[in-house]
Amino acid sequence: MLKSLNHIVTALENQSFWQGQQQFQLIRDCWTEVVGEDRAQQTRPHSLSRNILYVATSSSVWTQELSLNCRSILKQINARLSTPIDNIRFSTTWWYQHQSLPQTEESEHPSLVAEVEVSSPADPPIEQPTPQTTFEQWAAKIQARSQHLPLCPQCHCPTPLGELKRWQVCGLCATKQWQG
């Protein structure tokens, strides 16, 4: 017997896996409203498993701050869900897992530099690389990668565009400003 498409979809939606996915989507949709704009920029709901929400954080400082406010956040989220979750776990580990977390221009680390392929002259292949050849290959790759980068206005070193957008100087100069 053939079943209607609506019947099949309804049967799928009633499975616990799909209900968990719907819960997780609801959490993602209301996350900014629950935690606030500042916190939402530094966090992302990562997954929901066994009634525990896993949240990626950009730093250990955010992990600690949100862990201290966990009960309040949990209460606000559960007020929006049909089935409450039991706990929230925060970690920086999931922030850097690119395959699990979609990266946007705003969420990428400011020091990120796109990889540039370095073409070298056709030398015969070296069977066993030496430390010197390995260093030369690395140096050539770094030089090619930084060749088209803008310069830091303070130290005039090649600087990733994200660092200039965020701090108006390179990461090293920004660190010196924060310390002094």
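Looking for something more than 24 Å from Gln41 (Cα to Cα), surrounded by 12 or more Cβ atoms within 10 Å (Cβ to Cβ) and of a type in the set (D, E, K, R) - is there at least one such residue anywhere in the stretch 144-151? Looking for residues that are more than 24 Å from Gln41 (Cα to Cα), surrounded by 12 or more Cβ atoms within 10 Å (Cβ to Cβ) and of a type in the set (D, E, K, R), one finds at least one in the stretch 144-151, hence yes. Residue pairs whose Cβ atoms lie under 7 Å apart, separated by 6 or more positions or on different chains, with the first residue in the stretch 155-176 and crowded, with 17+ Cβ neighbours inside 10 Å and the second among the β-branched types (Val, Ile, Thr), are Pro160/Val113; Cys170/Thr159. What about Ser72, is it within 12 Å of Ile88 (Cα to Cα), at pLDDT below 90 and not charged (D, E, K, R)? It is false that Ser72 is within 12 Å of Ile88 (Cα to Cα), at pLDDT below 90 and not charged (D, E, K, R).
May I ask you to list the residues in the stretch 56-80 that are touching a Cys at 6+ places or on another chain (Cβ under 9 Å) and open to solvent by less than 20 Å² (accessible area, probe 1.4 Å)?
Correct list: Ile77 only.
Among the residues of the stretch 56-75, which ones are of a type in the set (Gly, Ala, Ser), in a helix (DSSP H, G or I) and in contact with a Lys or Arg (Cβ under 9 Å, 6 or more places away or on another chain)? Of everything in the stretch 56-75, just one residue is of a type in the set (Gly, Ala, Ser), in a helix (DSSP H, G or I) and in contact with a Lys or Arg (Cβ under 9 Å, 6 or more places away or on another chain), namely Ser67. Summed over the stretch 32-54, the residues that are open to solvent by 40 Å² or more (accessible area, probe 1.4 Å) and either in a helix (DSSP H, G or I) or within 14 Å of Leu74 (Cβ to Cβ) (or both) give a count of 9.
The values are calculated or read from the model by the stated rules, or taken from the named source; none is laboratory data. These numbers come from a predicted model, not from an experiment. Cβ atoms come from the backbone with ideal geometry, glycine included; neighbour counts cover every protein chain shown. The area values use the complete protein model at the heavy-atom level, side chains included, leaving out ligands, DNA and RNA. Shrake-Rupley method; radii C 1.70, N 1.55, O 1.52, S 1.80 Å.
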